[in-house]
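The values are calculated or read from the model by the stated rules, or taken from the named source; none is laboratory data. All figures in this text were calculated on a predicted structure; none of them were measured in a lab. Methodologically, a virtual Cβ is constructed for each residue, glycine included, from the backbone with ideal geometry; neighbour enumeration extends over all protein chains shown. Remember, those area values only see protein heavy atoms, side chains included, never the ligands or the DNA or RNA. Shrake-Rupley method; radii C 1.70, N 1.55, O 1.52, S 1.80 Å.
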Amino acid sequence: MVKVKPSEITPEHHYLSRREFLKGMGIVSASAMVLAACRGQSVTSTAMPSAVKVPSTITSTPKELNEPLTSFEAITNYNNYYEFSINKEAVARLAKDFPTSPWKIDVGGLVNNPKTFDLDDLAKFSQQERIYRLRCVEAWSMVIPWIGFPLAKLLKEVEPMSNAKYVRFETLYDPDQLPGQNSRAYEWPYIEGLRVDEAMNDLAILSTGLYGKALLPQSGAPVRLVVPWKYGFKSIKSIVKIDLVEEMPVSLWMAAIPQEYGFYANVNPEVDHRRWSQATERRIGEGKRMDTLFFNGYADEVASLYEDLDRREWYY
Ligand SMILES: Nc1nc2c(c(=O)[nH]1)N[C@H]1C(S)=C(S)[C@@H](COP(=O)(O)O)O[C@H]1N2
Ligand SMILES: [Mo]
């Protein structure tokens, strides 16, 4: 069992000086600048599906990365969303007419105050911009300016009971609207899970938008999870159900290929996938290979959650 202290994990230069970056920008929202730069292009004038309204004032957070944002075009045209297609470049077109309103998320299980949230309820949570790396288990990555709010805020409203150990998330099940769910290759709907303390970490958000606009269907509209220190498959899209539970949930990927996809799925350059190395990643849109970071660069914030696990267990 190799135990590592968070401070030993990643050399300092891998961390971004977020404060320096904010100072340099002299501006609250980095994505607002990029949006301004590409105004007039068709991507920004496309009609948005009716979903959570993104407020004009964005509360910035100290999570901005001093790395170029992946373009809106790339973020919304290179997607993993097996309910539509296993072809990343086909998802946007196939998801175009997916109805994202009205929408409801039922939150229940081991809670004192079960509650159903509609889009208006979700909009009442103060929306923030969070610029995060997204690292897919397939060894590619993006930098995405999400809009959303901490998952913890929603969970606190339902008052989890003390015996709740995990949070289980479920995507909409509707094979008519989500044709991939007719495939027998997977057990639908898509399921994911977090430990309660992971779910309560401030980095874990429910996202309702990106680049200052409501999410498009291909990105998981109207609401999806974003857990930036874990491989992308944990960040489940189009959520309709959240349950607090006692037992570790079995995710769609654990059920399908348990020897390749773990529950924790923390980004770890030292634990290779059975079929490829996880040491480096390809940054989409830049054609650049870069080193993969422990916990995707968020070790300072989350490594303490895993002090009782060995390095391999950070993944499995
Ligand atoms: N419901 C659902 N959620 C999902 C997926 C999916 O196929 N279905 N793919 C996951 C994977 S593998 C990744 S990498 C991210 C991709 O998010 P993006 O398309 O917004 O980049 O979504 C995750 N969430
Ligand atoms: Mo992924």
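Region 170-273 holds strands (runs of 3 or more DSSP E) entirely within its bounds, and those carrying 1 or more residues that are within 16 Å of ligand 2 (Cβ to nearest atom), open to solvent by less than 10 Å² (accessible area, probe 1.4 Å) and not aromatic (Phe, Trp, Tyr) map to 191-195, 205-210, 224-226. Selection of first residues in region 94-114 that are touching a residue at least 12 places away in the same chain (Cβ under 8 Å) and within 28 Å of GLY180 (Cα to Cα) and of second residues that are open to solvent by 80 Å² or more (accessible area, probe 1.4 Å) and not in a strand (DSSP E or B), restricted to Cβ pairs under 6 Å at least 6 apart or on distinct chains, gives the following pairs, ordered by first then second residue: GLY108/PRO114. For region 200-221, does any single residue satisfy the condition of being free of Cβ contacts under 8 Å to residues at least 60 places away in the same chain and aliphatic (A, V, I, L, M)? Yes, some residue in region 200-221 is free of Cβ contacts under 8 Å to residues at least 60 places away in the same chain and aliphatic (A, V, I, L, M). If you go through region 231-276 and keep only what is farther than 21 Å from VAL91 by Cβ, touching a residue at least 12 places away in the same chain (Cβ under 8 Å) and charged (D, E, K, R), you end up with LYS241, ASP243, GLU246, GLU247, GLU260, GLU270, ARG274, ARG275. For region 66-84, a residue qualifies if it is polar (S, T, N, Q), within 14 Å of ligand 2 (Cβ to nearest atom) and open to solvent by 20 Å² or more (accessible area, probe 1.4 Å), and exactly one does: ASN80. Quick check on GLU286: is it assigned to a loop (DSSP other than H, G, I, E, B), open to solvent by 30 Å² or more (accessible area, probe 1.4 Å) and not hydrophobic (A, V, I, L, M, F, W, C)? Yes, satisfied. Within region 79-91, residues that are more than 13 Å from LYS237 (Cβ to Cβ) sit with their Cβ atoms under 8 Å from residues that are at pLDDT 95 or above and near ligand 2 (Cβ under 10 Å from one of its atoms), at 6+ positions apart or across chains, in these pairs: LYS88/ASN79; LYS88/ASN80. Looking only at residues of region 119-138 that are more than 16 Å from ligand 1 (Cβ to nearest atom) and assigned to a loop (DSSP other than H, G, I, E, B), we find that the one that is surrounded by the most Cβ atoms within 10 Å (Cβ to Cβ) is GLN127.
Within region 100-116, the set of residues being assigned to a loop (DSSP other than H, G, I, E, B) and surrounded by 14 or more Cβ atoms within 10 Å (Cβ to Cβ) comprises THR100, TRP103, LEU110, PRO114. Residue-level analysis places GLY297 outside the set of residues that are at pLDDT below 95 and open to solvent by less than 10 Å² (accessible area, probe 1.4 Å). Please pick out the residue among LYS234, LYS241, LYS288 that is of a type in the set (D, E, K, R) and more than 25 Å from LEU110 (Cα to Cα). Exactly one of LYS234, LYS241, LYS288 is of a type in the set (D, E, K, R) and more than 25 Å from LEU110 (Cα to Cα), namely LYS288.
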